[in-house]
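Worksheet: the structure to be examined is printed underneath.
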Amino acid sequence: MHPSITWAHVLTDAQKAAPSFGWSFDAWVVVVLVMSTVAYASGYLRLWRRGSPRSRARRTWHAVTFAAGTLALVFALCSPLDTLSAALFSAHMVQHETMMLIAAPLLVLGRPLGVWIWSLPRAGRHWAGRAVLAPTFALVWRRITSPLAGWILHAAALWGWHAPALFEAALQHPWVHTLQHTSFMLSALIFWWTVFGEGVLRRSGGHAMLSVFTTMVHTSALGALIALAPGLWYPSYVEPTSALGFDPLHDQQAGGLIMWVPGAAAYLIGGLTIAMRWLRGYVPPRADAQTAAALPGESAQ
C-alpha cells in the first residue's frame, strides 16, 4: 500500500487529483527577493554616482551577475518548477542545483553585502560600518567564511538533507521544507564566497580550487548513490510520480544523475575558473574610498 503524502508546497485535495504546474509565489520568498533587489538597486545607484568610470564598469558587471542570480532564484522558487518538484524527485533536484550551483555563485559575484550597506541612509551606513568592523564581528565573519567552515557547512547541508528521513520530513512538512531550502541557500552562499569572494582573489586561490574539486567528488558520490540505489530512498514520491505516468525508481535515478553529472560539471567549471585566475596571476582592482563600509574582506565594487 502506497503511503499517503502531503505534497511539498502544500496542495489541496483537488489539486492533487489534477495538479496544476503554474507559477507559485510564497509570501516569504517574494518578500526576500523584492527587499534584496530594491536594497541592491538603491545601493548600486548611490555607488554609481560616486564612482569613477572604471569603478562604474566593475559595478555594472556586479549588478548584472546579481540580477542573473536573482532571476535564477525566481526560476527555482516561483516558476512551475517549484510545484513540479513536489511531484517529481528529478524536478526537485533541478530546483536544488539551480539554487546552489547557479543562483548562489552569481549572487556572490554580485558583491551584495557592501552594496546593501550603501542602500541605508547615512546614519545607518555609519552604524553598519562600525558594527561590521568591530573585532568581535570581524572574528565571527572570518570563522564562518573560512574555507574549511564553508566546505563543511555545504557538505553537511547536502548529505544531511538528502538522508531519507530528513528529505521525507521536508516533503511532509512545509516548515521543514523551508528550512531545507534556507540551509541549502545559505551554505551555498558561504561556500561560493570562499571560492569567489573578494578575499579569495587576494590570495593564491589554491584552497578555493581544493574546495571546489573535493566538493565535486563528494557530491558526485552522493548523486551516484542515489542514481544506483536498488530501491526507493524517498517513498513519498511514489504516489505523485506514478500519477504523472512516471516510474518512481526511474525518476529517482534521473534525479541522482542530475546531481552526479551536471552538478559535477558546474563545480568543475568553478574550479577551472579559479585555476585560470591563479595561473594568470590575477590581482583584483583596489577598492575605492566609497567602499569603506563594506564587510571585512569585501568591497562593494
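No value in this document is a laboratory result; all are computed from the given coordinates. If you're wondering where the values come from, they're calculated on a predicted model, not measured in any experiment. Quick reminder, even Gly has a Cβ in these numbers, built from the backbone with ideal geometry, and neighbours come from all protein chains shown.
Return V176, V212 ranked ascending by Cβ neighbour count within 10 Å, so the fewest neighbours appear first.
Working: V176 17, V212 26.
So the residues, fewest neighbours to most, are V176, V212.
How are the alpha carbon pair distances in segment 22-291 distributed across 10 Å bins from zero to the largest one, expressed in percent?
Pairs per bin, as whole percents: 6, 27, 33, 22, 9, 2, 0.
Using Cα pairs under 8 angstrom and six or more residues apart, how large is the relative contact order of segment 117-263, in percent?
Working: 113 pairs, mean separation 31.0, N = 147.
The value is 21 percent.
In whole Å, what is the distance between the alpha-carbon centres of segment 138-178 and segment 214-268?
Spelled out, the Cα-based centre of one part sits 19 Å from the other.
Sort S42, S36 so that the residue with the fewest other Cβ atoms within 10 Å of its own Cβ comes first and the one with the most comes last.
On the way: S42 15, S36 18.
Ascending Cβ contact count within 10 Å gives the list S42, S36.
Would you list W48, W233 from fewest to most Cβ contacts within 10 Å? Kindly include the intermediate steps, with their values, before the conclusion.
Values: W48 14, W233 18.
Least to most surrounded, the residues fall as W48, W233.
When only Cα pairs under 8 Å and 6 or more residues apart are kept, what is the percent relative contact order across segment 22-291? Walk me through the intermediate numbers first.
Numbers: 318 pairs, mean separation 60.3, N = 270.
Value for segment 22-291: 22 percent.
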